[in-house]
Each structure stands twice: as C-alpha cells, then as structure tokens.
Ligand code: ATP
C-alpha cells in the first residue's frame with residue numbers, strides 16, 4: 001500500500017509535534033506555497049503540508065522539481081526556529097532524509113553539499129529552505145523535502161541521467177507512508193537535538209561525499225575552485241583555495257573539478 005492517507009499517518013506517527021497537524025492535498029501547485037500561506041496565518045510549529053502531485057514543484061533558484069502523481073514524498077514542514085538556528089535546518093533536513101532511507105531500505109545514501117541526497121551518485125531527494133526574517137526575528141521557516149520513492153526516472157527525459165528513486169535502486173515498490181513516517185520521526189529527533197545545542201555536524205561531515213575532493217563552487221557570478229576540506233558547525237563548506245587561504249561558503253552549486 002503506497003497511498004498516503006492523513007488519517008492512517010496520524011495513527012502511526014511517533015512524533016510529538018512534527019506532523020501532528022497535517023494539510024494533505026491530492027494535487028496542489030507546490031507544498032511550499034501552501035505552507036507559506038499557512039505559516040503567515042500562524043500554523044502550529046511542525047505543521048506539515050503533503051501532496052500526491054504538484055503542478056509547479058520547485059527547487060532552488062526557481063528550478064523545477066518534477067514528480068509524476070503519487071510517485072514521491074512531497075513535503076513541507078513549518079517551523080519557528082531562532083535566527084541562529086536557521087542555518088542548521090538544511091543539515092537537519094538532509095540528515096533526516098538520509099537516515100530514513102537507511103532505516104526503511106538497506107540502501108546507503110550520501111549527501112552532496114549543500115542540499116542533495118544521492119544514491120549511487122544520482123539524486124534521490126532535493127531539499128529547499130525558505131524563511132521570512134525581520135531583523136532578529138524569524139517569522140517562519142519552511143523546509144521542503146522531495147523524495148523519489150516510486151518514480152521511474154527513465155520516463156522523465158530532463159532527469160533520466162541524473163536522478164534515481166528507491167524503487168529503481170531496489171527493483172520493487174516502496175511504501176510511501178512508511179518512508180514518510182520514518183522521515184518525520186528522524187526530522188523531529190534531529191531538529192530537537194539541534195535546538196538543544198547538540199552538534200549534528202559530525203554526522204553531516206561523515207555523510208558528505210563532497211569532502212576531500214577538488215571542486216568548483218558556483219554561487220551566482222562568484223566561481224571558486226579549491227579543495228573541499230571540511231564543514232563548520234552550521235554546515236557551511238570550508239574551501240581551501242590554491243593560495244592556501246580557507247573560505248567559508250554558505251550555499252552554491254558544486255561540481256567536481258575535471
Ligand atoms: P542540482 O541538484 O542540479 O545541484 P539544485 O540543488 O539547485 O541543483 P534543487 O533545487 O534541489 O537543485 O532541485 C532542482 C533540480 O533538481 C532541477 O533543476 C533538476 O535538475 C533536478 N530535479 C528535478 N526533479 C527531480 C527529481 N524528481 N529527482 C531528481 N532531480 C530532480
């Protein structure tokens with residue numbers, strides 16, 4: 001059974017607040033848009049928006065997120081972190097996805113800094129952060145997670161070479177409710193640990209496949225080449241430049257240097 005039903009999800013949930021309030025849509029434009037509206041109306045912390053299909057799914061920088069109906073987990077989580085916690089949300093989200101894939105399947109995901117979860121070098125999940133900040137105050141933050149569960153990448157030319165899914169890797173369908181339930185539990189555990197001030201960057205460092213490689217990082221017009229040495233406590237990349245200096249990079253597109 002791979003259909004997501006809010007009622008059965010509610011019964012099976014093992015969380016205290018993440019997913020305790022569920023906004024479920026068979027079809028919507030983007031769970032991010034619905035979540036933003038709900039957050040502006042004061043939705044409770046941990047409210048989730050899930051959809052079986054998006055007509056305008058998006059990634060970073062206005063890129064498109066593609067997912068045939070009922071093939072994926074399409075999820076946004078509404079949170080109210082403090083300003084200094086905001087940078088760590090991306091780590092929380094990526095690690096929660098990686099952990100839940102490991103729990104439900106025997107697959108071994110890795111993370112490509114800053115926000116892609118990969119299996120066998122192909123992207124299985126994309127993560128997106130949006131927040132509204134005024135001065136020191138975070139009005140809301142929304143974490144978007146899309147996970148290819150039963151998607152067939154060969155049916156989508158734009159991503160057939162770069163994407164994979166749990167089904168493709170395992171050769172069988174995987175239960176979306178089971179993955180979703182595990183993902184919400186892992187997310188809550190990591191989010192609470194992060195808020196208690198417990199470091200989560202060690203696991204981040206261990207799971208990142210980007211470290212120890214010569215890379216090119218593009219951020220807008222800024223292009224830097226160097227050695228991906230480590231990450232800091234907020235998950236930022238520490239890049240060693242050819243002149244020996246170390247720069248901290250918060251976001252960017254990473255490619256391996258030829
Ligand atoms: P990239 O993954 O190329 O480094 P990015 O991290 O900015 O870019 P995201 O914002 O996570 O990407 O997602 C958008 C990109 O992901 C799209 O440009 C497309 O290449 C790819 N994509 C879209 N749909 C899927 C999908 N279902 N599975 C895997 N990749 C996808």
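With the simple spin-label model, which puts each label point 7 Å out from Cα in the Cβ direction, the residue 27 to residue 3 separation comes to 1.7 nm.
Dividing the summed helix terms, -39500 (n - 2.57) for each DSSP H run of n ≥ 4, by the number of residues in the chain produces a 222 nm estimate of -7500 deg cm²/dmol to the nearest 500.
Using the count of nearby Cβ atoms within 10 Å as a rough guide to exposure, how do 116, 7, 253 rank from fewest to most?
Values: 116 22, 7 9, 253 15.
Ordered by Cβ neighbours within 10 Å, fewest first: 7, 253, 116.
Taking only the alpha-carbon positions of the range 103-172 and ignoring solvent, what does the Debye formula give for the base-10 log of I(q)/I(0) at q = 0.11, 0.23 Å⁻¹? The Debye formula, applied to the Cα set alone, gives -0.35, -0.99. With the convex hull drawn around the C-alpha atoms of the range 1-143, the volume per residue stands at 124 Å³. Ordering of 104-114, 89-99 by packing is 89-99, 104-114, highest average first (other Cβ atoms within 10 Å, averaged per residue).
Label separation (residue 106 vs residue 232): 4.1 nm, computed from points 7 Å beyond Cα along the C-beta direction. Is the shape of the range 125-252 rounded, prolate or oblate, going by the alpha carbon gyration tensor and its root eigenvalues a ≥ b ≥ c, with a/c under 1.5 for rounded and a/b larger than b/c for prolate? Cα axes put the range 125-252 in the oblate bin. The range 45-73 and the range 105-179 have Cα centres lying 10 Å from one another.
Applying 0.36 nm per residue to the separation of residue 56 and residue 14 and subtracting their alpha-carbon distance, the gain on full extension is 12.1 nm.
Rounded if a/c is under 1.5, else prolate if a/b is larger than b/c, else oblate: which is the range 215-258, with a ≥ b ≥ c the root eigenvalues of its Cα gyration tensor? Oblate, because a/c is 1.5 or more while a/b does not exceed b/c.
Need one number: convex hull volume per residue for the chain, Cα atoms only, in Å³.
On the way: hull volume 34.2 nm³, N = 258.
Dividing the Cα hull volume of the chain by its residue count gives 133 Å³.
Only the coordinates and a few stated rules stand behind these numbers; no lab work does. Given the structure is predicted, the values throughout are model-derived calculations rather than measurements. Neighbour counts are summed over all protein chains in view; Cβ atoms, including those assigned to glycine, are modelled from backbone coordinates with ideal geometry.
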